[in-house]
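Worksheet for the structure shown next.
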Amino acid sequence: MTATAILLCAGKGERLSAGVDKALVPLGGRPLFTWSLEAFGRSAAIDGIVVVGPVRRLKEMLSAAGLAPRKIVAWSEGGRERQDSVARGLQALPEGAGLVAIHDCARALVTPELIARVVADAAQHGGAIAALPLGDTLKRGVLGVIETTVPRQGLWCAQTPQVFRREWIAAAHAAAAGTATDDAALVEALGHRVHLTPGEPLNFKITTPQDLELAEAWLTRSSART
């Protein structure tokens, strides 16, 4: 079963305060979105990539960085909300895509190995997402005061990629009545069971300047080791 990735690069990144779209923020000397684009290009589990975002600027930045990414089969402008961007990516999918891997480019440190694991689990179960077991104690509070402690057993922090059978995710978006926090929630709403694939701590979402500094530090350290 062929797998096509939808790489979401349309986020504005207001909390980064970088003055440009999040996908174009510099990371390790090149645009942030190129790191996950490269990981999906290197993954043997991925047959094609649909890039969703400000197409002209993304192409310009790739050219300026001297990068020639592999496996891109389509480009699409992003929508107003994340869910709209995914819907546009679904419309741009090639005919033969059996599995769809949706990934936020803000998770720039995703690895080809993690991508392959999630795709393999989705091929077996119909749907799978990268996720990490919750490690922190949860507190529910009201007006700044703890109301109760929430047991963390069985709780997971969702990541991307999230991979689904094409017919599942297409039907889920068609039936969506409101905005969901992630694509798995839409698939779950149709009654499908989604598998949890152990994610990776470094596959965090770059949202704040501190996140960007952490990713930069890891890339610098990784480069020094090679």
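Would you mind putting 128-137, 180-189 in packing order, based on average other-beta-carbon counts within 10 Å, highest first?
In descending order of packing, they fall as 180-189, 128-137.
Skipping prolines and chain starts, which residues have an amide H placed within reach, meaning under 5 Å, of the one on L155, given they are 5 or more residues away or on another chain?
L134
Once the principal axes of the Cα atoms of the range 55-172 are found, what is the range along each, listed largest first in whole angstroms?
Rounded to whole Å, the extents work out to 51, 35, 28 Å.
For G13, enumerate residues with amide H under 5 Å from its amide H, sequence gap 5+ or separate chain, H modeled in the peptide plane.
K22
Would the range 113-193 count as rounded, prolate or oblate if I go by the C-alpha gyration tensor, calling it rounded below 1.5 in a/c and otherwise prolate when a/b exceeds b/c, oblate otherwise?
Taking the square roots of the gyration eigenvalues as a ≥ b ≥ c, the range 113-193 is oblate.
Calculate how many DSSP beta bridges within the chain are antiparallel, expressed in % of all such bridges and rounded to the nearest 5.
45 percent
Kindly provide log₁₀ I(q)/I(0) values, in the same order as q = 0.08, 0.18 Å⁻¹, from the Debye equation applied to equal alpha-carbon scatterers of the chain.
Here log10 of I(q) over I(0) equals -0.29, -1.40.
Between the range 72-90 and the range 159-226, what's the alpha-carbon centroid distance in Å?
Taking the Cα centre of each part, the range 72-90 and the range 159-226 sit 15 Å apart.
Go through the range 62-75 residue by residue and turn each phi into a ³J(HN,Hα) via Karplus (6.51, -1.76, 1.60, θ = phi - 60°); whole Hz please, and just put x for glycine and proline.
So the J values, rounded to whole Hz, are 4, 5, 5, 7, x, 9, 10, x, 8, 6, 5, 10, 6, 10.
What does the helix-only formula give at 222 nm for the chain: each DSSP H stretch with n ≥ 4 adding -39500 (n - 2.57), the total divided by the residues, and the result rounded to the nearest 500 deg cm²/dmol?
-10500 deg cm²/dmol
Name the long-range amide H neighbours of G79: under 5 Å, sequence gap of 5 or more, or other chain; modelled H, no Pro or chain starts.
Sorted by chain and number, the residues that satisfy this are S85.
The numbers here are math on the coordinates, done by the rules we state, and not lab data. As the structure is a computational prediction, the values presented were derived from the model and not from experiment. A quick note on method: Cβ atoms are made from the backbone with ideal geometry, for glycine too, and the neighbour counts reach across all protein chains shown.
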